Every structure is written in C-alpha cells, then in structure tokens.
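Take a look at the structure set out below.
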2 protein chains.
Amino acid sequence: MTTIVFLGFGNVNFHLINTLYKHNKDSVIQVYNRSEINLNKELSKIPFTTDLSKIKEADLYIIGIPDDAIAAFSETLPLKNKLVVHTSGSVSMEALSKRNRKGVFYPLQTFSKNREVNFNTIPICIEAKEEADLELLTNLGNSLSEKVVEIDSDERSKLHLAAVFVNNFVNHLYAIGDDILGNNELSFDLLHPLIEETASKVKTLSPSEVQTGPARRGDQKTIEKHLHLLKEGPESELYQQLTESLMKKFDR
Amino acid sequence: MTTIVFLGFGNVNFHLINTLYKHNKDSVIQVYNRSEINLNKELSKIPFTTDLSKIKEADLYIIGIPDDAIAAFSETLPLKNKLVVHTSGSVSMEALSKRNRKGVFYPLQTFSKNREVNFNTIPICIEAKEEADLELLTNLGNSLSEKVVEIDSDERSKLHLAAVFVNNFVNHLYAIGDDILGNNELSFDLLHPLIEETASKVKTLSPSEVQTGPARRGDQKTIEKHLHLLKEGPESELYQQLTESLMKKFDR
C-alpha cells in the first residue's frame, strides 16, 4: 500500500482525498494546509496539520496548491529524496525542488468542490524521472481510473492549452448564450439538449467534420442579422472574430 | 391524424421524416425535392416527387431547405390558404408567402444525416398566426418531444444566435483543441471526459458560476506561457480575444 500525504487542499486534492480515502482509508495518512480547513465528517478522521515541520513520513507527497505557488512551496518542504508530485497541467515537473524526487500526477478534468467527480474515466497524466516512481504513480492512477498515460511536461503544457479551449473558453461561450437568453427572458434550459449533443457528437466524429452554422456556410445574410442583434457590445466582437476564424478555416 | 407533405430534404426534414414515419406511417404522405434523392429502404415507400405541380393536398407543409432560399421557394408553391411552415431558427415567419397560412416548426438541435437523433428532449419552437394552426403544431410537437414552446420570430432569432455560440462556436473551439493535440501527436480522446463534464456541469450550475481557468484567475504567467506555445497563429488571436473577454467579465 502506498502511503500519501496531501499538501494543500485545492479542488484537485479535495477530490483526490475524498476518492482515495473511500477506496482505502489507510493510504491517506495526513493532510497539510497552511490554514485550518473544514474537513467533512468522514475526512475529519484524517490527521491534519498546518505545521510543515510536522508532516509525516510517506511514500508520496501530492501538492495541490495554486500553480504559481508550487515552485516556492516545494523548496520549503522539510523533506529529502522523497517522491513529491504536483497536480497541475501547466507547471513543468522541473519547477519542483531538486531536493526531492520529482513527479506529476495530473487528472485531466475540471473540478468544483460542490460537484461530485467520477475518476473512472478521467485521464490521469503522470510523469516522473525514475522508473520506480513512474510505477508507483501508474499503480495509484490505475486504482482511480481506466486511463493512465505517461506524458512529459512539454506535451502536458499543450494538453493543458487545448483544455483551456475546450473547457474554459467553451464555458465562456455557454455564459454568453446564457446572457443572450437571459436578456430576452428565455430559459437557458432550452439550450441544454443542444449543448449536450454538440459535446457528444465529437466522441465519434471529428469536430471539423461536423462543423455547421452560418460561418461554415458563408451565409453573410444570417451573420449580418446576428451582428445587428448583438449591436456593438463585446459579444459582437467575439462573434466577428470567431466567424472570421471559421471562414478562414473553411475558405469562405 | 395530421397529414404532412415535406418540401425539401435537408438535415432537419430528413430526421423529421424518419421519426414521424416510424411513429405513424400514414401521416407522411409525400416528399418533394427539386432533385432526385436516395431515400433509404424504409422511406422509399413514401410517395416522392420532383414536380411541384404534383404536390398533394395535406394538413401541413414543412419546408426544409437552406435559409436563404425559403422566402422565394414559398412563393412558387401552387397552394392557397394552406398551413405552410419552415424549420429554420433564423428566418422570420413573415418571410413566408402570404398566399398561405404561415408558421414555424423549429427543433432546436444540431442535425447530421449520419447521426441518429432522439427528438424526445429537443425543444420544439413553434409559431403560427391562427389559433387552430398553433394547436396543430403543438400536437405534432407533442407527438415528438416533451418540450414544445411557443416562441415568436424575434425571440427565435435570439435563441438561434445563442445556439450559434453554444454549438457552432463551441464546436470550432473543439476543433482548435483537436488541432493542438494532433500537431503534438496526442489523441483528442484525452479531452472527451473534460468536454463532457463541461457540458454536463451547466445543466445544474450557471456557466458564470463554474468559470475557471487562467483568465478567470487573472493568471498572467500561464496566459503568457500559452501565447508562447501558440506563437503568432490565428489560434493565438482567438486565445487573446477570449481571454480579454473573460478578464473584462470578471474584472481581472
């Protein structure tokens, strides 16, 4: 059994702790956070500390704190030659302190504390320098998910960039759709089946293949109608830029 | 029973014909298209014509042709005072010829011929001038879907605009994600769980509420890393514009 200390209590660590503790109570031996946190009833049995000097001996230390704090934080750890990993998509493995063995354990998903997550289908992207560490991370990944892939920092940064497009930016477009309907007293619910089908389609067909819409067709009349509806707002700019980008792509 | 003649064989009519014919063979009494089409084996029993002068008497005529052709086409119909509807999100009901009773039957979904559709959850947006016509369209809608809503042309045009954001533009962002991964020999499959969860989240939480990512956090370091990865391509421009739009929205 791998013993794990979690360092930080961001969304990723929150869900990892919850899931791993359910699978195997004894593997999660401690949670550190720089300030007190409210662990829910079940998790409250896990030893908790706000004192770095008191972190326990473990096989694996998982850092789950904001990206820009990872490097400096890893230098402050009173550990030597331990396996210390972070869970970030965009931070290089090399950012970690060289006093310990470095690694990454990046679950490619969007996490909110108030929403349950099923790790089973989530790709777990792992990286480490030493073979034994890779094996440990692979085994831990396999205990959570059907999909564990070894991906280096360069590839991971591109994966993370792509994730920003299909998650953060897509969600922003959902919000714009929501605004347009809200301003006209129409319910966002009306769009759910369309949102779902759009997401579902690209599981079997490539997105370029299924692209539709006025920009794809070069349908200037509809595009002008839409720009007229949007007037001169910031959404009008985005509409134009996305339309231009699509027209360029499809030679319209 | 409502008898229906379908005029045109675009994606929407294709799926409507398939579904209605399965429910009730006798309601689909004819399909017109300006050129010969290959109806699949089952549908080949439906009377078909390419000759407008031969279209039959029916309770309802459903036009399913490209948006910019609807107005002119409706003028050429050798019909008088019949209920003639189109299936478009962006074309006003008034675009239809005044020689007939006008209406709209707009299923709010994205349709591809090679992908089956379950109408059950698809919002059917209807519009008509006369009470009896509204009732006929409501009944037809109810025979297909749990969600039939009366929406006028003005509202429908805004709904369609919102649909362009959450479907056409979102799909374009999927394609960009696909490109980024493809250029780095990573499989688009890795993003499916994220795409699915992003779409699923907004069924219960509002998109603004669940927005995450570097732009939302104002994380300039990650944004600069991403722009560096994208270099000066068209995707870099879109990244900047979407990031600016997000930062403005969240006061970053």
(request) Compute the projected area of the convex hull of the Cα atoms of the stretch A:1-66, averaged over all viewing directions, and report it in nm² to one decimal place. (result) 4.1
(request) Going by the rotation axis that takes chain A to chain B, pick out the residue of A with the closest C-beta and quote the gap in whole Å. (result) A:Ala199, 2
(message) Under 25 °C and 0.890 mPa s, how fast does the stretch A:139-204 diffuse according to Stokes-Einstein, given a Kirkwood radius computed over C-alpha pairs? Answer in µm²/s, whole number.
(response) 166
(message) Averaged across orientations, what area in nm² does the convex hull of the alpha carbons in the stretch A:151-252 project?
(response) 8.0
(request) Can you list the distances in nanometres, one decimal and ascending, from the B:Asn114 label point to the identical position in each other copy, with the point 7 Å along Cα to Cβ? (result) 4.2
(request) May I ask for the distance between the Cα centers of the stretch B:130-146 and the stretch A:1-76, given as a whole number of Å? (result) 57
(request) Specify the residue with the greatest mean-square fluctuation among B:Pro214, B:Pro47, B:Pro107, computed from a Gaussian network of chain B linking alpha-carbon atoms under 10 Å apart. (result) B:Pro214
(request) List the distances, in nm to one decimal, from the label point of B:Glu36 to the label points of the same position in every other copy, shortest first, placing each label point 7 Å from Cα along the Cα-to-Cβ direction. (result) 8.2
(message) Under 10 Å, Cα contacts only: if you run a Gaussian network model on chain A, which one of A:Gly213, A:Gly64, A:Gly89 comes out with the highest mean-square fluctuation?
(response) A:Gly213
(request) Diagonalise the Cα gyration tensor of chain B and give the resulting equivalent ellipsoid semi-axes, square root of 5 times each eigenvalue, largest first, whole Å. (result) 42, 20, 17
(request) Taking only the C-alpha atoms, wrap a convex hull around the stretch B:4-151 and report its volume per residue in Å³ as a whole number. (result) 104
(request) Could you please report the charge total around A:Asp251, scoring K, R as +1 and D, E as -1 over all other residues with beta-carbon less than 13 angstrom from its beta-carbon? (result) +4
(message) Please compute, for peptide B:213-224, the average count of beta-carbon atoms on other protein chains lying within 10 Å of each residue's beta-carbon.
(response) 4
(request) Under a 10 Å cutoff between Cα atoms, tell me which one of A:Ser157, A:Ser200, A:Ser44 has the largest fluctuation in the Gaussian network model of chain A. (result) A:Ser200
(request) Output, in nm with one decimal and in ascending order, the distances from the A:Ser200 label point to the matching label points of the other copies (7 Å from Cα along Cα-to-Cβ). (result) 1.3
(request) Note down the relative contact order for chain B as a percent, whole number, built from C-alpha pairs under 8 angstrom at least six residues apart. (result) 12
(request) Report, as an integer, the average count of C-beta atoms from other chains found within 10 Å of each Cβ along A:177-186. (result) 6
(request) Starting from the coordinates of the alpha-carbon atoms of the stretch B:91-196, obtain the Kirkwood hydrodynamic radius over all distinct pairs and give the value in Å to one decimal. (result) 16.3
(request) For the protein assembly as shown, state the average projected area of the convex hull of the C-alpha atoms over all orientations, rounded to one decimal in nm². (result) 26.0
(message) Between the stretch A:198-252 and the stretch B:156-233, what is the separation of their alpha carbon centroids in Å?
(response) 15
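Every read-out reported here was derived from the displayed coordinates using simple, explicitly stated rules and does not represent laboratory data. In this text, all values refer to a predicted model and were calculated from it rather than measured experimentally. No Cβ is skipped: glycine too gets one built from the backbone with ideal geometry, and neighbour counts run over all protein chains shown.
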